Each structure stands twice: as C-alpha cells, then as structure tokens.
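All remarks here apply to the structure that follows.
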Amino acid sequence: MDYRGHTSAALDEKVADPNARSIGDVLKDIGNSIQDIVRWELKLAKIEVADSARRMRSSSILLAGGGLLGIYAIGFVLLAALMALEIVLPGWLAALIVGALSCIGAGIGISLGLRRLKQVRAPNKTMQTVREDLQWMKEQARS
C-alpha cells in the first residue's frame, strides 16, 4: 500500500490503462452527445420546414392566381351567354373569346401550381439522420 492508500494492484491497473474512464464519465458523455444530436436535429428540421414553407407559398400564389382567373373566366362565359341572348352579333363573340382565353389561363396557372405543390417534400434529410441516430444509439447500448 502506498502513501495514498492504494494497493499495488490498483496502481498497476491505472498504470496499465491510463486512458480508462469511469462508467459515470462515459454515461455523461453519452447524455451530452444525445443532447447535441437532438439540438442539431431540431435545427435541421427547422431549416427544412422553412424551405418547404417557402416552396409551398409560391405554389399557393400560383394556385390562387389560377383560381382568380377561373372566377373571371366563369364571369366572362356568363357574360358571353347573356350577350348572346341579347344580341346575336359580334359583341357576344368577343366576350366568349375573352372568357375562353381566361379559362385557358386559369387552367395553366392551376396546373403549374399543382405541379409545384407536388414537388414539396417532407423533411427527408431530418428523417434519415434521425434513423441513423437511432441506429447509432442502439449500437451504443449493445456495446
């Protein structure tokens, strides 16, 4: 036994493995690592949600524009039908042409908006890294 109260066997163990860490230190490090992982996952999710919201906004603007043109198209078609009943000459034909062009514009706007809206995806990067983190935690728990 030395002057600190350690037996020679205990000293030999510490000398043989100077980098040995206690279980408490390892658990503390694991807890800190998990906190860091969760923090970064939340930041990544926030960035991906903001990106999805930005894409959804532009798609929604196109949908709203297409819907507004659709409303006008219906108005022009109804105006054309009214004018056709009142006068059987070029006035209604002009209104019908404007209504048909409005319908075409509305269809294009709505189809473009729907196509872009379908391109908005879930936060795949975050979901993948969460899966990887869970797998890593399982492997750490096993060893």
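Values in this text are rule-based calculations from the coordinates and carry no lab data. Note that the structure is predicted; figures quoted are calculated from it, not measured. FYI the Cβ positions are ideal-geometry reconstructions off the backbone, even for glycines, and counts take in every protein chain you see.
Each of Gly70, Gly91, Met127 was scored by the projection of its Cα onto the charge dipole of region 23-142, and the greatest displacement toward the positive side belongs to Met127; charges sit on the C-beta of Lys, Arg, Asp and Glu. Going 7 Å from the Cα of Arg55 toward and past its Cβ, which residues in region 115-138 have a backbone nitrogen under 11 Å from where you end up? Residues passing the 11 Å test: 116-125.
For Ala100 and Asp36 in one chain, what is 0.36 nm times their gap in residues minus the Cα-Cα distance, to one decimal in nm?
Full extension from Ala100 to Asp36 adds 17.2 nm.
When Rg and the Kirkwood Rh are both derived from Cα coordinates, the Rg/Rh ratio for region 23-142 amounts to 1.46.
Per-peptide packing, taken as the mean over residues of other Cβ atoms within 10 Å, places 51-64, 30-43, 94-107 in the sequence 94-107, 51-64, 30-43 from highest down. Here the 3J(HN,Hα) profile of region 50-62, calculated from phi with Karplus coefficients 6.51, -1.76 and 1.60 at θ = phi - 60°, is 4, 5, 5, 5, 5, 5, 5, 4, 5, 5, 5, 4, 5 Hz, Gly and Pro shown as x.
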